[in-house]
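I have placed the structure first, in the form of structure tokens, so that the comments after it can refer back to it.
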Amino acid sequence: MKIEFQETTKDLAKRIDIHNKFGARDIDAWMLDLINLQPGSKILDVGCGSGKQCFSYYDRLNGNAAITGGDVSENLLQQARDEDARRHSGMKFVHLDFNKPFEFAENEFDFVSCCFAIYYAENVPFTIGEMHRITRPGGRLFTTGPMPENKKIFYDIIREATNKPIPPMPGSSRYSSEFLSTIKSLYHKVEVHIFENPLTFTSVEPYIEYTRASMSEDRKLWSTFFQSSGDFENIIHSITEAAKRRLDQDGRLVMTKVVGGFLATK
Ligand SMILES: C[S@@+](CC[C@H](N)C(=O)[O-])C[C@H]1O[C@@H](n2cnc3c(N)ncnc32)[C@H](O)[C@@H]1O
């Protein structure tokens with residue numbers, strides 16, 4: 001399966017910022033409590049983006065760990081490296097395409113994570129197989145991704161505004177099915193944890209900012225919606241009107257993120 005996807009620094013930062021401002025819960029705290037990292041661990045975060053999870057691991061362990069982040073986007077890696085230099089944290093941020101063999105030795109890591117990224121993998125058994133290969137026996141894999149009921153209102157509003165079917169999202173359409181079953185087939189113990197985070201909007205502007213950063217033409221996932229120039233702004237206009245109608249009716253828009261955390265032991 002070819003995944004037409006490209007993340008931009010600006011859109012990722014915007015979505016992280018809106019989660020922080022409008023979400024009721026802190027996903028980093030949930031994840032850190034769940035994974036209970038051990039001091040001195042050798043850790044790899046795959047699809048690290050600008051380093052969000054790497055920095056949270058570093059802070060939780062007070063720097064007592066060897067942490068590497070890998071991503072395919074040079075822009076996002078550069079952001080992570082700049083932040084690492086600013087903090088003097090000494091982590092490594094390396095180019096890694098999870099559709100290709102990982103340049104790490106067998107059994108090299110105690111802990112491998114992949115947060116909101118694994119579902120962009122084109123060949124699921126291959127990518128999970130690589131993660132499994134580089135994890136030591138008894139070591140763990142942790143992944144996060146959207147469950148099928150994730151952000152229901154977001155998709156409902158787009159359907160209402162456009163009368164178009166939503167293109168299959170590589171995350172919510174595959175994460176809890178194909179990815180979970182592949183992880184179960186390779187690891188000897190797998191726990192499934194659910195994190196729900198309602199984002200509450202009482203005005204339409206930040207909701208539309210989130211929509212723009214999610215549907216951005218740069219991300220390609222929505223390309224069937226945008227055939228000619230001008231389509232993007234026209235669709236955003238219709239979504240704004242639909243979101244305003246719901247806001248007028250209910251006084252607020254509540255978009256609940258429903259995230260699955262899969263914790264697997266090799
Ligand atoms: C939604 S972002 C999540 C980033 C980060 N983990 C976070 O939570 O902020 C998805 C990430 O997956 C990365 N990605 C997509 N395809 C990839 C691939 N083939 N190999 C490695 N990383 C990839 C993107 O560049 C992006 O950084």
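Coordinate-derived values only; no laboratory data. Nothing here was measured: the structure is a model prediction, and the numbers come from that model. Cβ: placed from backbone, ideal geometry, glycine included. Neighbour counts: every protein chain shown.
DSSP finds beta bridges in the range 9-265, and of those with both partners inside it, around 50 percent are antiparallel. The Cα atoms of the range 1-129 give a gyration tensor whose axes a ≥ b ≥ c have a/c under 1.5, which makes the shape rounded.
Stretching the chain fully between residue 107 and residue 122 yields a gain of 3.1 nm (0.36 nm per residue, less the alpha carbon separation). The residues 88, 193, when put in order of fewest to most other Cβ atoms within 10 Å, stand as 88, 193. Restricting everything to alpha-carbon atoms, can you work out Rg to Rh for the range 155-237 with a Kirkwood hydrodynamic radius? In the range 155-237, Rg relative to Rh is 1.08.
Here's the list of aspartates and glutamates a cross-link from residue 152 could span, going by alpha-carbon distance under 17 Å and ignoring same-chain residues fewer than 8 apart: 160, 196, 250.
Remark: spin-label model distance residue 189-residue 85 equals 4.3 nm, labels positioned 7 Å along the Cα→Cβ axis. Candidate membrane-span-like segments in the chain, meaning DSSP H helices with Cα atoms spread over at least 18 Å of their own axis and a Kyte-Doolittle mean of -1.0 or above, are 9-22, 231-250, with no membrane implied.
Over 23 Å apart at the Cα level, from the set 189/257; 14/52; 21/52; 52/151, are 189/257.
Here the gap between residue 245 and residue 34, fully extended at 0.36 nm per residue and compared with their Cα-Cα distance, gives a gain of 72.1 nm.
Ordered by the count of other Cβ atoms within 10 Å of each Cβ, fewest first, 207, 120 give 120, 207. Structural descriptor for the chain: relative contact order 24 percent, calculated from alpha carbon pairs under 8 angstrom and at least 6 residues apart. Each residue of the range 98-111 is assigned a 3J(HN,Hα), and the resulting list reads 6, 8, 10, x, 6, 8, 9, 6, 4, 6, 6, 10, 7, 8 Hz, derived from the Karplus form 6.51 cos²θ - 1.76 cosθ + 1.60 (θ = phi - 60°), x at Gly and Pro. Amide H contacts under 5 Å for residue 256: 151, 152, 153, 199, restricted to partners 5 or more places along the chain or on a different chain, H placed in the peptide plane at 1.01 Å from N.
Label-to-label distance, residue 232 versus residue 160, with points set 7 angstrom from Cα along the beta-carbon direction: 2.5 nm. Classify the chain: rounded, prolate or oblate, from the alpha-carbon gyration tensor (a ≥ b ≥ c, eigenvalue square roots; a/c under 1.5 rounded; otherwise prolate if a/b is larger than b/c)? Because a/c hits 1.5 or more and a/b exceeds b/c, the chain counts as prolate. The range 134-204 and the range 70-108 have Cα centres separated by 24 Å.
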